1. Provide Rg over Rh for region 72-209; use the alpha carbon set for both Rg and the Kirkwood Rh (inverse mean inverse pair distance).
2. For region 333-382, would you read off the P(r) tail past 14 Å as a percentage of all alpha carbon pairs?
3. Please calculate how many Å² of accessible area region 1-93 carries per residue, with a 1.4 Å probe and no DNA, RNA or ligand atoms counted.
4. Quote to one decimal, in nm, the extra length available between residue 242 and residue 227 on full extension: 0.36 nm per residue of separation minus the C-alpha distance between them.
5. Percent antiparallel among DSSP beta bridges with both residues in the chain, to the nearest 5?
6. In degrees between 0 and 90, to the nearest 10, how far off the longest principal axis of the chain does helix 125-143 point, with axes built from Cα atoms?
7. Report the dimensions of the chain along its three principal axes from the alpha-carbon atoms, largest first, rounded to Å.
8. Taking θ = phi - 60°, what integer Hz values does the Karplus form 6.51 cos²θ - 1.76 cosθ + 1.60 yield along region 251-267, in sequence order, with x for Gly and Pro?
Amino acid sequence: MIDSAAISCSFFSSVAEVPQDMWNALSGPQPFLRHEFLLALEESGSVGAGTGWRPEPLVVREGTKLAALVPLYRKSHSYGEYVFDWAWARAYQDAGLSYYPKLVATIPFTPITGPRLLCGETARQAALTQAAARALRTHAARTGASSVHWLFTTTDDSEHLAQEGFSRRTGFQFHWQNGGWSDFTDYLAALSAPKRKNIRRERRQVASAGVQYTFHEGADLNEALWDAFYDLYLATIAKYGAIPYLTRAFFSRIGATVPGVILLLGTLDTKIVAGALFFRDATTLYGRYWGALAALPGLHFETCYYQAIDYCLAHGLDRFEAGAQGEHKLSRGFLPTPTYSMHWLDHPQFHRAVDDYLARENAGLEITLNELNAHTPFRKPS
C-alpha cells in the first residue's frame with residue numbers, strides 16, 4: 001500500500017516545466033529519456049500543437065521531493081507509436097464512441113524498451129507506479145480520454161502495471177547481442193556457412209561500388225551534415241509513403257544538446273548517398289533512422305546493420321537495437337526479443353474485450369517466437 005497523503009501527482013504541459021537537472025537525475029542512461037531529447041521534440045515542433053502529440057508529463061512527488069516522472073502525451077491518433085491499436089479505434093467508432101483522445105506514456109517515434117516511470121531507484125518503484133497508474137486513470141476519466149497506454153515497458157514496469165489492472169500486450173523486435181567477438185570476421189565465424197556467405201557478398205557489393213563510410217559524433221556534427229542527412233531522411237520517407245514526423249530543427253537540437261548522438265554517412269565519389277542515425281549509451285547502440293539517394297545492392301544492410309555491428313565491436317558495446325520489425329534481421333545475426341506494452345480502457349466492456357483479445361494474441365506470439373528461435377543463424381555446436 002502507498003501513503004496517499006505523502007504521494008501527490010500533477011500533470012504539466014511541457015517537459016520544460018521540470019528543470020533539466022532534476023529530470024535527468026531520474027531518467028537513467030538512455031538518451032531518449034533525457035530532458036534534452038524530449039524538449040527537442042517539443043521545441044522543434046515535432047510534437048505539440050498540430051501534431052496530435054500534446055505533452056502532458058506526469059510529475060510524482062513524495063511530500064515536497066520530486067520522486068518520479070512519466071513522459072506522457074495526449075494523442076488524437078495512433079501514428080508514430082509502433083504498437084498498433086487501429087482496430088480498437090475502429091471498434092469504438094462502430095459502437096458510436098470516441099477512442100481519441102487517449103493518454104500514452106512513451107517516447108514519441110521511438111520503439112525502444114525502457115522505463116516509463118522514471119524514478120532513479122527500484123526500492124520505491126512499485127509504490128510510485130501504483131500512484132502514477134491510479135492518477136492516470138483518474139486523469140483520463142476527468143479529461144475525456146478513452147484509455148491509458150504504456151508503450152515499450154520494462155519487465156518491472158509491466159509487472160507493477162498488471163497489478164493495477166492494465167492488460168499486457170507482447171510484441172517482439174530483433175536485437176544483436178555481442179558474443180565477445182574481437183572483430184567482424186570473428187563474428188562471422190560464429191554464423192552458419194550460408195548466412196556468413198550472404199553477409200560477405202552484401203558487404204562486397206557495397207565496397208566494390210566504392211561507398212566509403214564515416215561516423216560523426218560530438219563536436220564533429222555540424223549543420224551541413226544534418227542538411228545532408230535530412231535530405232536522405234525525406235527521400236526514404238517519400239519512397240515508402242511514410243510520414244516525416246521529425247522536423248529539420250529537431251536534428252540540429254539533438255546534435256547540439258543530446259549526448260550519444262552518432263551520424264553515419266556513406267559517400268560515393270564525394271557525394272553523400274546514404275546515412276543512418278544512431279544513439280548510444282554505455283552498453284547499447286540504438287538504430288533510429290536511415291536514408292539513401294542511391295539504389296545499390298546491399299546498401300541498406302551495410303548502412304543500417306553491418307557498419308553498426310563494426311562500431312559495437314570496436315567500442316565494446318553489449319547490444320545493438322536496430323529498430324522495430326524486420327524478420328530479415330534474423331539471418332544477419334539479430335535474435336527475436338520480446339517487447340511489452342500495457343493498456344487500460346475506461347469502458348469496462350471494451351476493456352474486457354481487449355483483455356480477451358490480448359490473451360489470444362499473446363499465446364500466438366509465443367508460438368511465433370519459438371519458431372523464430374528454432375531458426376537461429378548461428379552455427380550449432382558440434
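The values are calculated or read from the model by the stated rules, or taken from the named source; none is laboratory data. Computed from a predicted structure; not experimentally measured. Counting neighbours? That spans all protein chains shown, and the Cβs are built from the backbone with ideal geometry, glycine included. All accessible areas refer to the heavy atoms of the entire protein, side chains included, with ligands and DNA or RNA removed. Shrake-Rupley method; radii C 1.70, N 1.55, O 1.52, S 1.80 Å.
1. 1.15
2. Considering region 333-382, 65 percent of its Cα-Cα pairs are separated by more than 14 Å.
3. Solvent-accessible surface per residue comes out at 42 Å².
4. 3.4 nm
5. On the way: 58 of 64 bridges.
Within the chain, antiparallel bridges account for around 90 percent of the total.
6. 70
7. Largest to smallest, the principal-axis extents are 65, 48, 43 Å.
8. Result, rounded to whole Hz: 5, 4, 5, 5, x, 8, 10, 9, x, x, 7, 10, 10, 9, 10, x, 10.
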